[in-house]
Amino acid sequence: MKIDQIDIYEVRMRLKVRFQASTHAADELRHILIRVRSGDFTGWGECSAPNDPYYLGETADSSWHMLESFLAPAVLGKDFADVAAFAAAYDHVKGNTFARAGIETAAWDLFGRARGVSVASMLGGTRKEILSGVSLGMEPIDALCDRIAQHVAEGYRRVKLKISPGKDASLFDKLRPRFPDVAFMADANSTYTLADTEALRRLDAYGLMMIEQPLAWDDLIDHAKLQKAIKTPVCLDESVKSEVQCRNALELESFRVLNVKAGRIGGLLEAKRVHDLCAAAGIPVWCGGMHDYGVGRAANVALASLPGFSLPGDVSGSDKYFEEDLVDPPILAKNGAIEVPERPGLGFDVVEERVAKRTSRTRRFG
Ligand code: MG
C-alpha cells in the first residue's frame with residue numbers, strides 16, 4: 001500500500017481522576033494521534049508518551065519531533081507490502097519507542113482495514129476477551145479503600161497499587177484485612193534499591209501477585225539479585241524496552257512476570273516478539289497501559305489477545321479515565337473483561353469531530 005498522506009494531531013484529554021504516581025501527578029494528557037491514508041483507506045495510531053520525562057525519558061514533545069522530522073518522512077509516498085516492511089523503513093531510528101509504536105499502530109489499522117481483517121487476528125491473537133485489572137494512583141487510605149471496593153464490585157480481576165519506600169508494607173497492613181481475597185499487586189516505579197531488600201521481602205507476607213519494577217528503570221542485574229532474595233515474583237516494566245533486553249533479562253532471571261506495553265517496546269511487532277520469547281520460557285505476561293485514548297487502548301486489546309497474556313492487565317474500560325473517549329463504539333469492560341473485536345483493523349472508529357475539538361496542534365504530510 002502506498003502511503004499518500006499522514007496527519008499528526010496533538011490531542012488533549014482531561015482525566016476524570018487526577019493520577020498521582022510516586023514521582024509526578026497528571027490531570028490532563030497530551031497524546032499524539034497519527035492518521036495514515038492509502039487510497040480510500042485510513043488507519044489510526046496513538047503515541048501515548050507522557051507529558052513529562054519521568055517514565056522513560058520520551059515525552060509528547062520529543063515524540064512529536066520524531067514523528068515530524070524522521071518517521072513520517074521515512075514512510076510518506078512509499079509503497080509497502082505489509083506492516084513489517086512499513087516499520088523497516090525507519091528501523092535505523094533508535095529508541096523513541098512511543099513515537100515508533102504510534103506510527104506502526106496506524107499501519108496495522110490501515111492494513112487490517114484494507115484486507116478486511118482484525119489487527120488481533122493479524123497478530124495471531126486467540127483470546128475472545130481480555131482480562132482487565134485496574135491500576136490506582138496514590139490516594140489517602142479511605143478514598144483508596146472506597147475506590148478498590150467500587151472496582152472489585154464492577155468485576156475487575158486484580159488491583160494494582162503504587163508503592164514507594166515507607167508506603168509499602170504499611171499500606172497492605174491496612175488493606176489486606178479489609179480485602180482478604182482481592183488479587184493485589186504493587187508497582188514501585190523504580191523507587192527502591194537493593195539496600196531496601198528487607199523492606200521488599202516484608203511484602204512476601206501479603207500474597208501479592210507480583211511487585212512491578214522495584215529497582216532502577218534501566219537495571220537487569222540487581223533485579224535478578226532481588227528476585228533470588230524474595231518470594232514475590234518480580235515483574236519488569238521500564239527495564240525491558242526491546243526483544244534484546246527481554247532476552248538478556250530472561251538469561252539473567254531478572255523477572256518471573258513481564259508487563260508488555262507496545263509503546264514502551266516500540267510497536268506491536270516487537271511486542272509480539274517479546275511475547276513469543278516469554279511464552280517459550282514459560283513466563284506469563286500482561287498488557288500495561290499509559291492512560292491510552294481509544295486508539296492506543298484498541299491496540300492494547302489486540303495485543304492482549306495473544307495466548308501468553310494469561311494475567312489480567314491494566315487495560316480497563318476507557319470510562320474509568322475519560323468523560324468521553326475518541327472512538328466508537330466505546331471500549332468498555334464488562335465483568336472485568338473486554339471483548340476483542342472481530343471488525344477490520346483496530347475494530348473501533350475514530351470520531352473525527354471529537355479529535356478536532358481537543359486538538360492543540362496538527363501537521364500534514366503529503
Ligand atoms: Mg509500571
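Data table
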item: Lone qualifier among R247, R264 - being touching a residue at least 12 places away in the same chain (Cβ under 8 Å), among the charged types (D, E, K, R) and within 16 Å of the ligand (Cβ to nearest atom); result: R264
item: Residue list for segment 162-211, restricted to those being among the charged types (D, E, K, R), away from the ligand (no atom under 16 Å from the Cβ) and closer than 22 Å to L311 by Cα; result: R176, D181, D204
item: Count - residues of segment 227-244 that are without any contact (Cβ under 8 Å) to a residue 40 or more places away in the chain and within 16 Å of the ligand (Cβ to nearest atom); result: 6
item: Lone unmet requirement of (1) buried (at least 24 other Cβ atoms within 10 Å of the Cβ); (2) among the basic types (K, R); (3) farther than 23 Å from A186 by Cα for K272; result: (1)
item: Test: residue in segment 125-140 that is away from the ligand (no atom under 16 Å from the Cβ), of a type in the set (V, I, T) and touching an Asp or Glu at 6+ places or on another chain (Cβ under 9 Å); result: yes
item: Unique residue being outside any loop (DSSP other than H, G, I, E, B) and in contact with an Asp or Glu (Cβ under 7 Å, 6 or more places away or on another chain) when the list is L332, L277; result: L277
item: Residue within segment 72-90 that is on the phi > 0 side of the Ramachandran plot, more than 18 Å from the chain's Cα centre (by Cα) and not assigned by TED's automatic domain parsing to the domain that holds E324 present; result: yes
item: Subset of segment 31-56 (residues that are buried (at least 21 other Cβ atoms within 10 Å of the Cβ) and in a strand (DSSP E or B)); result: H31, I32, L33, I34, R35, V36, G43, W44, G45, E46, C47
item: Residue match in segment 348-365 (condition: surrounded by 21 or more Cβ atoms within 10 Å (Cβ to Cβ), assigned to a loop (DSSP other than H, G, I, E, B), in contact (Cβ under 8 Å) with a residue 60 or more places away in the chain and not small (G, A, S)); result: no
item: Those residues of segment 315-324 which are assigned to a loop (DSSP other than H, G, I, E, B) and either among the small types (G, A, S) or surrounded by 24 or more Cβ atoms within 10 Å (Cβ to Cβ) (or both), in sequence order; result: V315, S316, G317
item: Among residues of segment 291-314, those that are assigned to a loop (DSSP other than H, G, I, E, B) and among the charged types (D, E, K, R), counted; result: 2
item: Qualifying positions in segment 22-50 - within 16 Å of the chain's Cα centre (by Cα) and within 24 Å of L144 (Cβ to Cβ); result: L29, P50
item: Looking only at segment 325-334, and only at residues there that are within 29 Å of L208 (Cβ to Cβ) and within 18 Å of the chain's Cα centre (by Cα), the one that is surrounded by the fewest Cβ atoms within 10 Å (Cβ to Cβ); result: L332
item: Of the criteria (1) surrounded by fewer than 17 Cβ atoms within 10 Å (Cβ to Cβ); (2) closer than 27 Å to L332 by Cα; (3) within 16 Å of the ligand (Cβ to nearest atom), which one G155 fails; result: (3)
item: Residues satisfying the stated conditions in segment 271-304, i.e. within 16 Å of the ligand (Cβ to nearest atom) and small (G, A, S); result: A271, G288, G289, G296, A304
item: Test: residue in segment 251-260 that is acidic (D, E) and within 14 Å of the ligand (Cβ to nearest atom); result: no
item: Scope segment 57-98; condition under 19 Å from L33 (Cβ atoms) and part of a loop (DSSP other than H, G, I, E, B); matching residues; result: E58, T59, L76, Y90, N96
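The values are calculated or read from the model by the stated rules, or taken from the named source; none is laboratory data. Source: prediction; values computed, not measured. Ideal geometry is used to build each Cβ from the backbone, glycine not excepted, and the neighbour counts take in all protein chains shown.
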